[in-house]
1. Taking the Cα centre of the range 33-172 as origin and charging only Cβ (+1 Lys, Arg; -1 Asp, Glu), how large is the dipole, in debye to the nearest 20?
2. Simple spin-label model, 7 Å along Cα-to-Cβ: residue 12 to residue 208 in nm?
3. Once you measure Cβ to Cβ distances between cysteines in the chain, which Cys have no partner under 4.7 Å?
4. When only alpha-carbon atoms count, how far does the range 69-175 stretch along each of its three principal axes, as whole angstroms with the largest first?
5. In the chain, what % of DSSP beta bridges are antiparallel (nearest 5)?
6. What FRET efficiency do you get for residue 123 and residue 292 if R0 is 35 Å and r is their Cβ-Cβ distance, rounded to the nearest 0.05?
7. Among the GluC sites (Glu not before Pro) within the range 121-199, which fall in a DSSP loop and have no more than 12 other Cβ atoms within 10 Å of their own Cβ?
8. Work out the FRET efficiency for residue 164 and residue 234 from their Cβ-Cβ distance, taking R0 = 30 Å, and round it to the nearest 0.05.
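The values are calculated or read from the model by the stated rules, or taken from the named source; none is laboratory data. Fair warning: this is a prediction, and the values are worked out from it, not measured in the lab. As a convention, Cβ positions derive from the backbone with ideal geometry for all residues, glycine included, and neighbour counts pool all protein chains shown. Keep in mind that these areas ignore ligands, DNA and RNA; they rest on the heavy atoms of the full protein, side chains included. Shrake-Rupley method; radii C 1.70, N 1.55, O 1.52, S 1.80 Å.
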Amino acid sequence: MKILGTGSALPERVVTNDELSTFLDTSDAWITTRTGIKKRHVISNEQIDDLAVLSARRALEDAGVDVSEIDYFICSNVVTEHVTPGLSCIISWKLGLHCPCIDINCACPGFIFALDIAENRYRAGMAKKILIVCAEETTRMCDWNDRSTCVLFGDGTAAVVLGEGDNIKGIRLDCQPDPHKIWLERTLLPTPYITKEEVNGALEMRGREVFRFAVNASTTEVDSLLKELGISKNQVSYYLVHQANLRIIDAIKEYLHEPDEKFPTNIYDHGNSSSASCPILLDECNRKGLFKPGDILVFSAFGAGLLSAVAVLEW
Ligand code: UT7
């Protein structure tokens, strides 16, 4: 497939590190030096599905594609208020889509997992124009008294419209199953039969272990996918890496021996917006006119699961 258009939409409320330090034992200096984050968009009274619809409309407009042309829709989301129907159905209803839709929860690499589904459905001849929306309200997963997690996250939505083309050069998906590195458990409603102890928790993370996993998975997978595709690093124009921590991105850059200018970042403005992170960055770069036709873009993302994924695309 080929990316025909991109869009994004963010919550209005922006929370700075200084604002966080008014109620948390933290500081702008700690957050900036450890993560590169200065501020984040935080959902307040908006609905995440309204923002998702807005980013989809922007992507459709950028692509010059009418909503009626979309014949498959994939929504990537970790948590939302609706248990059922899936967020994809709610977005479809508000957007006026009339095609099959699915939800995936592949945490931070969700955008690349969605690209993989889109590409395979297209290759099977089952869809021609596919919409992907990544919609995340990660700040609703955090305990806002826990300085080790809530300072890291931000909310946002982003979309891409894909159409006919052979611009997706390769995708590599991986999983090193370990549900105890980044996790959030919640209780379901009680029944007369449940006597086991259940936890209604907030997001927890073994930060240092996740950091090591992220750098290792990203560098290994980027190297191996590029090799498999016969594309040299010299041919890569930009790496769009999941915006979880600037120090992770710096370490990846160093291991790959690639220069700063190939790694656009926006983490200082957004924090970690899970699967929306890569497509928000993509949309911002696209709207700034950073990419020219023929540019090779490498996406790399990693997160809960532990899942990771890399995609190589020609712009
Ligand atoms: O989407 C993918 C998921 N997430 C990631 O990729 C995150 C991966 N991990 C990381 O980015 C880093 O490990 C963190 C940013 C989460 C933490 O950085 P760190 O350098 O690994 O710090 P640490 O957890 O080892 O904590 C160092 C100290 C601790 O104090 P003590 O025990 O040394 O006294 C923490 O309590 O920093 C303290 N600390 C804070 N201090 C001020 C933790 N959070 C904060 C905070 N403000 N917000």
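1. Values: 15 positive and 19 negative charges, 99 e Å.
So the magnitude is around 480 debye.
2. 4.3
3. 75, 89, 99, 101, 106, 108, 134, 175, 278, 285
4. If we take the Cα atoms of the range 69-175, the spans are 49, 32, 19 Å.
5. Numbers: 35 of 50 bridges.
Taking every DSSP beta bridge within the chain, about 70 percent pair in antiparallel fashion.
6. Values: r = 26 Å, r/R0 = 0.76.
In this case the efficiency is close to 0.85.
7. Working: sites: 136, 137, 164, 185, 197, 198; in loops: 164, 185, 197, 198.
Loop-located and lightly packed - 164, 185, 197, 198.
8. Values: r = 29 Å, r/R0 = 0.96.
After rounding to 0.05, the efficiency reads 0.55.
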